[in-house]
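First up is the structure itself, then whatever we jot down about it.
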Amino acid sequence: MASAEPLLSVQEARARVLAAAVPLPAERLPIESCLGSALAQDLVADRPLPAFDNSEVDGYAVRASDLAGALPDRPVSLPVAFELAAGEGAVRRLEAGRAARVFTGAPLPPGADAVVMQERVRREAGRAIFETACEAGLGVRRAGEDVAAGARALEAGSTVGPAEIALALALGSTDLSVHRRPSVAIVTTGDELFDPGEALPPGGIFDSNGPALAAAVRAAGVTILGRHRAKDDPAALWAALERCRGADLVLTVAGVSVGERDYVRAALEGLGASLDFWRVAMRPGKPLALGRWGRVPILCLPGNPVSCLVTFELFGRPLVRRLAGHREVERPLVDAELSAAVRKPADLAFFCRGRWEDGRFTPAPKQGSGILTSLVGQNGLAEIPPGPSELPAGSRVRVRLLGVPELS
Ligand code: AMP
Ligand code: MG
């Protein structure tokens, strides 16, 4: 039975999962509510940034040609004609042979072409004394040097972070067109599962995957619509899935392998969802299913706690990020040297949990699919492709960095 399912490579399975995701429609949100969303449209600047030439420093605006030849023993002394602070609109012209006292952000007076910082200027009774020459443009922020009028300031598909918020606001925008963020429903399954705080009967365990997965989903910047749990019973599972209507993505956990008590597949087929059932050539992980319920993708993850989180990381997170419209759906990948040997199944890709630091990757000591302590306190997932069953210490591996803080 199990061998009837295709054995897919991780790459192929990831490509199929991503192909199932169409970014959700756009909505306009006030800029300050856009943190972590993906832009649905380019933002084109309708004005230059900065909007006017202005001073980069507190100092003295001059014509650079007036300071030609200035040296410590042959200083140039110019009368200070006027003063100009940030926010002043009415700007006088700077005539030749004069300086103007200016502050950071003040408009550059017409006629001036440089600003010498005050640390380099001596002040003597209404005059500014310069002991060095300067080039035109010194100390000046030119209009449009950051963004030219008509230029693309932000690109569709990019993630809105603090810098994007700053740029959009600096350009005068009040709101942005962003993709709606997906809402995700989670269904855990198993007769053995109980809520935290409940008295556990013999054989019972706490449902840790449901809340852990909800946390992983939220950390990916997505809303949790609901979390449901079903016994290993087709009708109960069906009812739990029915309660997921309205979600943009459904995640199920466990019951997806080929045991007689694995009902997820039957329940989904009963609901009319199309289902692609795979064994992925990886550990932890292996059983994984991808379905479609109308326009809603359903990703069925394995129940072993480590498998659940690792497969969410590899398949679920890119899927939710793509639904949310992000162009970049992957974590940063870095190269590292293994600090200890790793044993793995020869024919499977192995996702080794451990700690990356400064180019070295230290695997967690125990790597079983049920060993949660292999993930706790770690920050990386080393991807070791199918091949030899042992990698010696010193081998080069590619590490997915998990510990990067998310916008959520
Ligand atoms: P299954 O995929 O249903 O065969 O489950 C595989 C293993 O994962 C079993 O040991 C289950 O008890 C365990 N498991 C399944 N669901 C959860 C859950 N929500 N929380 C913690 N462990 C789970
Ligand atoms: Mg089960």
| said: I want to confirm something. Restricting to segment 304-360 and keeping residues that are of a type in the set (Phe, Trp, Tyr) and assigned to a helix (DSSP H, G or I), which single residue is nearest to ligand 1 (Cβ to nearest atom)? | reply: PHE312
| message | For the list (1) assigned to a loop (DSSP other than H, G, I, E, B); (2) on the phi < 0 side of the Ramachandran plot; (3) surrounded by fewer than 16 Cβ atoms within 10 Å (Cβ to Cβ), I need the number of the one condition that GLY394 fails. | response | (2)
| Within segment 330-352, how many residues turn out to be among the β-branched types (Val, Ile, Thr) and at pLDDT below 95? | 0
| said: When you check SER77 against the structure, is it assigned to a helix (DSSP H, G or I) and loosely packed, with under 14 Cβ neighbours inside 10 Å, yes or no? | reply: no
| request: Could you identify the single residue in GLY204, GLY197 that is surrounded by fewer than 22 Cβ atoms within 10 Å (Cβ to Cβ), within 16 Å of ligand 2 (Cβ to nearest atom) and within 27 Å of LEU375 (Cα to Cα)? | output: GLY204
| query | If we scan segment 10-20, do we find a residue that is of a type in the set (Lys, Arg) and touching a helix residue (DSSP H, G or I) at 6+ places or on another chain (Cβ under 7 Å)? | reply | yes
| message | Suppose we filter PHE361, PHE315 for residues that are buried (at least 19 other Cβ atoms within 10 Å of the Cβ) and not assigned by TED's automatic domain parsing to the domain that holds ALA212; which single one remains? | response | PHE361
| Only one of (1) within 16 Å of ligand 1 (Cβ to nearest atom); (2) surrounded by fewer than 19 Cβ atoms within 10 Å (Cβ to Cβ); (3) under 28 Å from SER374 (Cβ atoms) fails for GLU260. Which number is that? | (3)
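The values are calculated or read from the model by the stated rules, or taken from the named source; none is laboratory data. Because the structure is predicted, anything quoted here is derived from the model rather than measured. Glycine also receives a Cβ, built like all others from the backbone with ideal geometry; neighbour counts cover every protein chain displayed.
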